[in-house]
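Visitor: Below you'll find the structure I mean.
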Amino acid sequence: MALSRLLHLLFALGALALVGAGPASAEPLRLVAFGDSLTAGYGLPAGQAFPARLQDALKAGGHDVVIENAGVSGDTTSAGLARLDWSVPDGTDAVLLELGANDALRGLDPAIPEASLDAILARLKARGIPVLLIGMQAPPNLGAAYKERFDPIYPSLAQKYGVPLYPFFLDGVAGQPKLNLADGIHPTAAGVDVIVERILPTVEAFIATLPTGKPG
């Protein structure tokens, strides 16, 4: 009888311990913002760069995320392709891909960024890493013919790889002097906040589709 009571007591204590323990804490969603100076935060403190401000906005919305800033000022799409494997480490849950502005500023043949972005998307797909493709638009000074070849690169590749697309990174900021640094190209801290506000719903919808993503 005593043994029976002891076993019953141990079983009850074990059940209480399991209830008290609860589920294990989930790891944060790990994103890599992979891009050029627009991602890197040219001319801004690290905490005001796009990845940091987007992370702040997502956390404020209840999303447990960490966004690594893998932006390199001056990078073309070809340069991004060259450093892709070490810039996007194993364990990355998803990539925010923002490249192409420097290709356009240099007037490179649009076939070059198209091929490089295609290769980046193919390599990430092979690694099983989801991508949100962030589009760029050609500067108007390059002419209509160039723009007609450059701008469609992003929707075309998004369709080819079945990835979500945010059409234009600088939406609401391009051409707005008060939202750009003196060079007229890179956003100020206020400009970054406009970018984050506009892209946030797209990013939230994107992370909600990820296997480890949890809507806020």
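Visitor: In region 131-167, which residues are open to solvent by 50 Å² or more (accessible area, probe 1.4 Å) and closer than 18 Å to residue 38 by Cα?
Guide: Once the filter is applied, which keeps residues that are open to solvent by 50 Å² or more (accessible area, probe 1.4 Å) and closer than 18 Å to residue 38 by Cα, region 131-167 yields 137, 165, 167.
Visitor: Okay, moving on. Looking at residue 91, is it free of Cβ contacts under 8 Å to residues at least 60 places away in the same chain, at positive phi and surrounded by fewer than 16 Cβ atoms within 10 Å (Cβ to Cβ)?
Guide: When the stated conditions are applied, residue 91 does not pass them.
Visitor: How about region 97-126: which of its residues are assigned to a helix (DSSP H, G or I), charged (D, E, K, R) and open to solvent by 40 Å² or more (accessible area, probe 1.4 Å)?
Guide: Hits for region 97-126 are 114, 123, 125.
Visitor: Further question on the same structure: Has region 185-208 got at least one residue that is under 14 Å from the mean Cα position of the chain (by Cα), aromatic (Phe, Trp, Tyr) and in a helix (DSSP H, G or I)?
Guide: The answer is yes; a qualifying residue exists.
Visitor: Separate question: Out of the residues in region 64-79 meeting the condition of being out of contact with any strand residue (DSSP E or B) (no Cβ under 7 Å at 6 or more places or on another chain) and not hydrophobic (A, V, I, L, M, F, W, C), tell me which one is surrounded by the most Cβ atoms within 10 Å (Cβ to Cβ).
Guide: 77
Visitor: If we keep just the residues of region 80-96 that are in a helix (DSSP H, G or I) and touching a strand residue (DSSP E or B) at 6+ places or on another chain (Cβ under 9 Å), which is nearest to residue 30 (Cα to Cα)?
Guide: Step by step, filter region 80-96, then rank; the result is 87.
Visitor: I need a count of the residues in region 188-205 that are open to solvent by 10 Å² or more (accessible area, probe 1.4 Å), closer than 18 Å to residue 40 by Cβ and in contact with a strand residue (DSSP E or B) (Cβ under 7 Å, 6 or more places away or on another chain).
Guide: The qualifying residues number 1.
The values are calculated or read from the model by the stated rules, or taken from the named source; none is laboratory data. Keep in mind it's a predicted model, so treat the numbers as computed, not measured. Please note: Cβ atoms are built from the backbone with ideal geometry, for glycine as well, and neighbour counts cover all protein chains shown. Ligands, DNA and RNA are stripped out before the accessible areas are found, and what is left, the full protein with its side chains, is counted by its heavy atoms. Shrake-Rupley method; radii C 1.70, N 1.55, O 1.52, S 1.80 Å.
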